[in-house]
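See structure below.
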Amino acid sequence: MTNEANPILEVKNLKKYFKTGKGMLHAVDDVSFSIRKGTTLGVVGESGCGKSTLGRTIIRLEPFTDGAVYYEGENVFEYNKKQVREFRKKMQLIFQDPYSSLNPRNTVYQLIAEQLVVNKVYKDKADLENRVRELMDIAGLAPRLVNSYPHELDGGRRQRIGLARALSMNPSFIVCDEPVSALDVSIQAQILNLLMDLQDQMGLTYMFITHDLSVVKHISDEIAVLYVGQLIEKAPSDELFKNPLHPYTKMLLSAIPVPSLESRSRKKEIIKGEVTNPIDPKPGCRFASRCKYCMSKCTEGDMELKEIEKDHFVMCRLFD
Amino acid sequence: MSSIAQNDNILEIKDLHVVYETDSETVYAVNGIDLSLKAGKTLGIVGETGAGKTTTALSILRLLPQDIGKITSGSITFNGQELLTLGKSEMQKIRGASISMIFQDPMTSLNPVNTVGDQIYESLMLHNDEHKSKKELEERVDAILESVGIPKTRKKEYPHQFSGGMKQRIVIAIALACHPAVVIADEPTTALDVTIQAQVLAMMSALRDQLGMAMILITHDLGVVAETCDDVAVMYAGEIVESGTVEDIFGHVRHHPYTEGLFGSIPSLGSDAKRLKPISGLMPDPTNLPTGCSFHPRCPYATEKCREEKPEARYFGTHFVACHLITGGEPKNDE
């Protein structure tokens, strides 16, 4: 990936393996990409493809195996403990499940104030209170909820608390890990609109992890497709949906149920089989066993991500 | 079940009311719904969490939580037979054999300590009216597993040895084991990845056609409905606010504001709209439903009339809408 247009985050050859009883699990395997400031990179893939691990490793919530992550030019994998603590203020994570990611014994006030208190941001209690109220307002939480507990609130409101918490330290980069998957569609749309408004107002950069392709198209500037730990295609959002190149991306797009009458007559391409085992994967393309274009050279050697058109990268032997 | 003509309703629900009663409060889960399922067709029930979709399904099978969930009025008929007055053992004969259910979460709906073969066998054995031998039933288990795309050699394995998609195939195999006339699928693919969802939905449609079953598909995904259903009912706060054929619901006619809102909330793959048009506010509290039209607090077009009067259902051929704004058509007729 080129250095053009000041990337806020650059990931280079990132690897994250887990040791298991059966061998090395390749959760993230040699992934490289960059995100420009103020934009959203959507990361899509099926369960177990390594999307969440990727997000967590980048912000140093998981120890890395190999590679580097540059944030504003500095390698965050070389940070010491104190530097990591500073770095975490700028990097935040919104979790998938608003039901289990909030401490049930804390009130909304305590939850939102937590990071501000831990980092001793305000000396004066009144300032802290003002900041919490301001954050509640930004996240669209009514002031009367300040003393409520999470169990009294619905999923959408809980996710708003998660968002207010993430915003409390004025971050510049937020990893959103399936933030709307647990919500009903009408509430999901409210949260998506809020995330996009906040990006415009505060110039936030998002890495948006999801399995929902229509959500990712809506919110992303660029999209990266992961398959069994590897980044197999990356392109600007519109380009990816108009002109998907990798056979897996093509089938993934055709598998989305479309809410229109035209979709009834559409002939679907259904992928056979299931995701291959990420433990000690075989050489060559990891999609080979499910791919109808599979050739003999697909099961040999290391795969490479190639730029086929401007900004459109793909990892597939069909484009050699 | 072949005695019924194609157009007859195999399952009919009339004016069903269901409440959940606890010491402290009463939840009005289903408030007077009418539904009919035609033999061999698929009816989609769409709505958000708490709309009463699953409660409706559980009422049909009489599986509401004991002592808490109560059907206060209404009727449910299957092949002309009233289900709500049936005794316990009669209901057991219908459950699993004539009407069966596919549950939402394949991870928790299988018994972890029994092999998958035994779990399919159980359903066949309980409804073994023809007194088939054990060997014949085992052969049937093999055939069912193969029909859902699982090699019969795996029948001695336990649920944890299967992936999520495979587990859902097993749940489907159990539901279809006795060739039911009606299958109720409650969010059968919500827990699955899109590619696996496409596999499972295609398989379900194929089996439905092959076995001539009717299906009720409960989902919140309008895309799934468009691709698999013949008829659709949109539920909100325990009521059906709009129903019709797929062409009625997805076609360009006047819709209920809630249906409109649901469509506005989905990010579209086709258009480039930069902002979604969500429905404002939240689902109403089912212990304290709003007066008049239950959607009025969230409706952008609500008037004084909507706050006070319950809207009357209007029929436009197969299309049915309950909204004050939509006039014309024919009033509901109870033949």
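Quick one: net charge of residue B:74's neighbours, Cβ under 11 Å, K/R +1, D/E -1? So the surrounding residues net to -3. Bridgeable aspartates and glutamates around residue A:120 (alpha carbons under 20 Å apart, same-chain partners fewer than 8 residues away excluded): A:86, A:129, A:134. One equal scatterer on each Cα of the stretch A:7-319, no solvent, Debye formula: the resulting log10 I(q)/I(0) at q = 0.06, 0.07, 0.11, 0.16 Å⁻¹ is -0.22, -0.30, -0.73, -1.37. Partner shielding of B:189-199 amounts to 6, given as the average count of beta-carbon atoms from other chains within 10 Å of each residue beta-carbon. Across the stretch B:1-124, the mean sequence separation of Cα contacts (distance under 8 Å, 6 or more residues apart), normalised by length, yields a relative contact order of 26 percent. The Cα atoms of the protein assembly as shown define a convex hull whose projected area, averaged across directions, is 32.3 nm². Note on residue A:37: aspartates and glutamates with a C-alpha under 18 Å away, same-chain residues under 8 apart excluded, are A:4, A:10, A:72, A:74, A:197, A:200, A:221, A:222, A:311.
Peptide packing for B:259-268, A:13-22, A:271-280 was compared via the average number of neighbouring C-beta atoms within 10 Å per residue; ordered from the highest value, the list is B:259-268, A:271-280, A:13-22. Counting neighbouring Cβ atoms within 10 Å and putting the fewest first, the residues A:209, A:138 line up as A:138, A:209. Model label sites at residue B:113 and residue A:320, defined 7 Å from Cα along the beta-carbon direction, differ in position by 5.4 nm.
Equivalent-ellipsoid semi-axes for the stretch A:209-320 (Cα gyration tensor, √(5λ), whole Å, largest first): 24, 17, 13.
Here B:222, A:198 are placed in order of increasing Cβ neighbour count within 10 Å, fewest first, which gives A:198, B:222.
Packing order of peptides B:67-74, B:38-45, highest average first: B:38-45, B:67-74 (average count of other Cβ atoms within 10 Å over each peptide's residues). Ranked by Cβ crowding within 10 angstrom, fewest neighbours first, how are B:217, B:126 ordered? Listed from fewest to most nearby Cβ atoms, that is B:126, B:217. Simple spin-label estimate for residue A:202 and residue A:148 gives 2.1 nm between the two label positions (7 Å along the Cα-to-Cβ direction from each Cα). Loop-located GluC sites (Glu not before Pro) in the stretch B:200-245 (DSSP state not H, G, I, E or B) with no more than 16 neighbouring Cβ atoms inside 10 Å do not occur. Ellipticity at 222 nm from helices only: DSSP H runs of n ≥ 4 in the protein assembly as shown, each -39500 (n - 2.57), divided by the residue count, give -8500 deg cm²/dmol. Taking all Cα pairs closer than 8 Å and separated by 6 or more residues, the relative contact order of chain B comes to 20 percent. Beta bridges from DSSP with both residues in chain B: antiparallel share about 65 percent, rounded to the nearest 5.
Applying both filters, DSSP loop and at most 10 other Cβ atoms within 10 Å, to the trypsin sites (Lys or Arg not before Pro) of the stretch B:253-335 gives B:274. Electrostatic tally near residue A:231: other residues with Cβ closer than 10 Å to its Cβ, Lys and Arg +1, Asp and Glu -1, net -2.
The chymotrypsin sites (Phe, Trp or Tyr not before Pro) of the stretch B:288-335 meeting both criteria, a DSSP state outside H, G, I, E and B (loop) and at most 14 other C-beta atoms within 10 angstrom of the site's C-beta, are B:301. Net charge in the neighbourhood of residue B:248 (other residues with Cβ under 12 Å of its Cβ; Lys, Arg +1, Asp, Glu -1) is -3.
When you look at the Cβ of every residue in A:187-195, what mean number of other chain Cβ atoms sits within 10 Å? That works out to 5 on average. Per-residue Karplus couplings for the stretch B:69-83, computed as 6.51 cos²θ - 1.76 cosθ + 1.60 with θ equal to phi - 60°, are listed in order as x, 10, 8, 8, 7, x, 9, 10, 10, 10, 6, x, 9, 6, 8 Hz, Gly and Pro entered as x.
Beyond 14 Å, what share of the Cα-Cα pairs of the stretch A:4-67 is found? Please give it as a whole percent. When all Cα pairs of the stretch A:4-67 are counted, 60 percent exceed 14 Å. On the basis of the beta-carbon distance and an R0 of 60 Å, residue B:139 and residue B:15 show a calculated FRET efficiency of 0.85. Per residue, the average separation of C-alpha pairs within less than 8 Å and at least 6 apart gives the stretch A:7-319 a relative contact order of 22 percent.
Legend: distances between Cα atoms for A:22/B:156; A:16/A:242; A:272/B:132; B:41/B:274; A:51/B:274; A:81/A:217; pairs beyond 27 Å are A:16/A:242; A:272/B:132; B:41/B:274; A:81/A:217. Note on residue B:269 and residue B:152: the model spin-label points, each 7 Å out from Cα along the C-beta direction, lie 3.7 nm apart. To the nearest 10 degrees, how steep is helix B:194-211 against the longest Cα principal axis of chain B, on a 0 to 90 scale? Once rounded, the angle reads 70 degrees. Would you mind checking the stretch A:205-248 for residues with the amide N under 20 Å from a putative spin-label position 7 Å along Cα→C-beta of residue A:302? Counting only backbone N, you get A:226-234.
Just so you know, all these numbers are worked out from the coordinates, no wet-lab data involved. Computed from a predicted structure; not experimentally measured. Here the Cβ is made from the backbone with ideal geometry for all residues, glycine too, and neighbour counts use every protein chain on show.
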